[in-house]
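Student: The structure is given below, and queries will be raised subsequently.
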Amino acid sequence: MPHRPFLRAWAAAAFALFPGLAALPAAARDDAFKIGLILPMTGQQASTGRQIEAAARLWMAQNGDTVAGRKVRLIVRDDTSLPDVTRRLAQELVVNEKVDVLAGMGITPSAMVTAPLATQSKTPLVVMAAATSGITEASPYVVRSSFTLPQVSVALADWAPRNGIRKVVTLVSDYAPGIDAEKFFSQRLLFNGGQVTEALRVPLRGPDFAPFLQKVRDARPDALFVFVPSGAGAAVMKQFLERGLDKAGIRLIATGDVTDDDQLNGMGDGALGVISSHHYSAAHPSPLNKKFVLAFEKANPGLRPNFMAVGGYDGMRMIYEALKSTRGAGGGDALLAALKGQVFESPRGPVYIDAQTRDIVQNVYLRRVERVNGQLYNVEFDTIEGVKDPGKSR
Ligand code: DHB
């Protein structure tokens, strides 16, 4: 093997000239690891952007901006929740900024237009908010830190018939996550001996709930099941109470998107007793969550973290862990491999990323709105452990 001594001599000379080369590969780099975080910071979904950005910055404040010797840079862009804007921003971030990871995605249409770009450029896309089941199947580079609507809806369809609710009207936003919620809730309710008697869909943009709620009043079901995206829950609650549906004996049951921690405290006593199912409550009683909520509220006075914040916080943890696994080297496929299968304790409880589906597996909680220390919270009273997305075809 005559070339070996030559190689050794070359290496010795190289290390003598450039001592930094002897260290980890990442230490020789000065280029930052870039996370392109695309969020709705203005418009109807602005609370999603505000929550996720605050949580991502909290993660970095707590864990530093250097990972495995590599500087991490967060680049935040506002897509105003318009998918055409999301696509243009994602292209710019990949082509011009050469981001190592794409993240955020406030609504499903934004995630769906970004997925092909993630595939073409081999860039991991960490979906921190959008929650339609099929998003993870739109690209092998998608990994999700939020939840899915089927995952949280079936728990409520199990709870309802056990609690005297058989006849239900559903009311959902008329786009993919709403259709997921409607479908999985009603199928499961039917399986449990109940029935959805009417399925109402309201427009995503600028919805007027009043005429729909009037219909519900006339239909007199045992309960109204609602899904609307984060930010729209307070309007539904207000209209529900103003139209006297509660007085007419119709119960409101919902995914936790409706009794959103971002808005819940402002909904008033009319919200007391509303039952919802979801993966995160700011009132989750674990020590880790108590620490998270305190730190978040200290860094963002007047803002309570909601399920969007926890999706952003955990998404950042997943990216940091993946970068660590590659010893700072990064690379789309290596990062993706390191994102799959991660297991950790989140402020929401124990979670893992299913290596096959790249979706998050987590507890789903049944919660009741209660007043705690003068404030309204979703207080958890039952736990369904380790729920996989029931929407996956496999
Ligand atoms: C989606 C958006 C939301 O704000 C939410 O609460 C659930 C789902 C979505 O578009 O996927």
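Student: Rounded to the nearest 0.05, what FRET efficiency do ASP382 and LEU272 give with R0 = 25 Å and r taken as the Cβ-Cβ distance? Could you check?
Tutor: After rounding, the FRET efficiency stands at 0.85.
Student: Express the C-alpha Rg of region 204-352 as a ratio against the empirical globular expectation 2.2 N^0.38 Å, rounded to two decimals.
Tutor: My calculation over the Cα atoms of region 204-352 gives 1.32.
Student: A follow-up question, please. Using θ = phi - 60° and the Karplus curve 6.51 cos²θ - 1.76 cosθ + 1.60, what whole-Hz ³J(HN,Hα) does each residue of region 348-365 get, with Gly and Pro shown as x?
Tutor: Here the 3J(HN,Hα) series is 7, x, x, 9, 8, 9, 4, 5, 7, 9, 6, 9, 8, 10, 7, 6, 10, 10 Hz.
Student: Charges at C-beta only: +1 for Lys and Arg, -1 for Asp and Glu. How large is the resulting dipole of the chain about its Cα centre, in Debye rounded to 20?
Tutor: 600 debye
Student: Using Cα atoms only, what is the angle between the long axis of helix 149-162 and the major principal axis of the chain, expressed in degrees (0 to 90) to the nearest 10?
Tutor: 30 degrees
Student: I need the phi-derived Karplus couplings for region 45-55: 6.51 cos²θ - 1.76 cosθ + 1.60, θ = phi - 60°, integer Hz, Gly and Pro marked x.
Tutor: Couplings: 9, 4, 5, 4, x, 4, 5, 6, 4, 4, 5 Hz.
Student: Within a 10 angstrom radius of the beta carbon, how do HIS284, HIS278 rank from fewest other beta carbons to most?
Tutor: HIS284, HIS278
Student: A further question follows. Which entries in the list LYS71/LYS122; LYS122/LYS324; LYS167/LYS392; LYS122/LYS183 go over 29 Å, if you measure between the two C-alpha atoms of each?
Tutor: Over 29 Å Cα-Cα: LYS122/LYS183.
Student: Please find, in a Gaussian network model of the chain (springs between Cα atoms separated by less than 10 Å), the residue of ALA334, ALA55, ALA309 whose mean-square fluctuation is greatest.
Tutor: Checking each option, the largest mean-square fluctuation is seen for ALA334.
Student: If you average the alpha carbon positions of region 198-261 and of region 42-105, how far apart do those two centres end up, in angstrom?
Tutor: The distance from the Cα centre of region 198-261 to that of region 42-105 comes to 32 Å.
Student: Still on this model: How far apart, in nm, are two points set 7 Å out from the Cα along the Cα-to-Cβ line at LYS290 and at ARG162?
Tutor: Label at LYS290, label at ARG162, 2.8 nm between them.
Student: How tilted is helix 210-219 with respect to the longest principal axis of the chain? Cα atoms for both, answer in degrees (0 to 90, nearest 10).
Tutor: So the inclination is approximately 50 degrees.
Student: Hey, what angle do you get for helix 108-121 against the long axis of the chain, alpha-carbon based, 0 to 90 degrees rounded to 10?
Tutor: The two axes meet at around 20 degrees.
Student: Of all trypsin sites (Lys or Arg not before Pro) in region 85-142, which ones are in loop regions per DSSP and have a Cβ with at most 15 other Cβ atoms within 10 Å?
Tutor: Qualifying residues, ordered by number: LYS98, LYS122.
Student: Right, next: Apply 1/(1 + (r/R0)^6) to the Cβ-Cβ distance of LYS247 and GLU345, taking R0 = 56 Å, and write down the FRET efficiency to the nearest 0.05.
Tutor: E(calc), rounded to 0.05, equals 0.85.
Student: While we're on this one: If you look at just the Cα atoms of the chain, how large are its Rg and its Dmax in Å?
Tutor: 23.0, 91
Student: A further question on this structure: With label points built 7 Å along Cα→Cβ from the Cα atoms of ASP31 and LYS215, find their separation and express it in nm.
Tutor: Here the modelled spin labels are 5.4 nm apart.
Every read-out reported here was derived from the displayed coordinates using simple, explicitly stated rules and does not represent laboratory data. Please read these numbers as outputs of a predicted model, since none were measured by experiment. Glycine also receives a Cβ, built like all others from the backbone with ideal geometry; neighbour counts cover every protein chain displayed.
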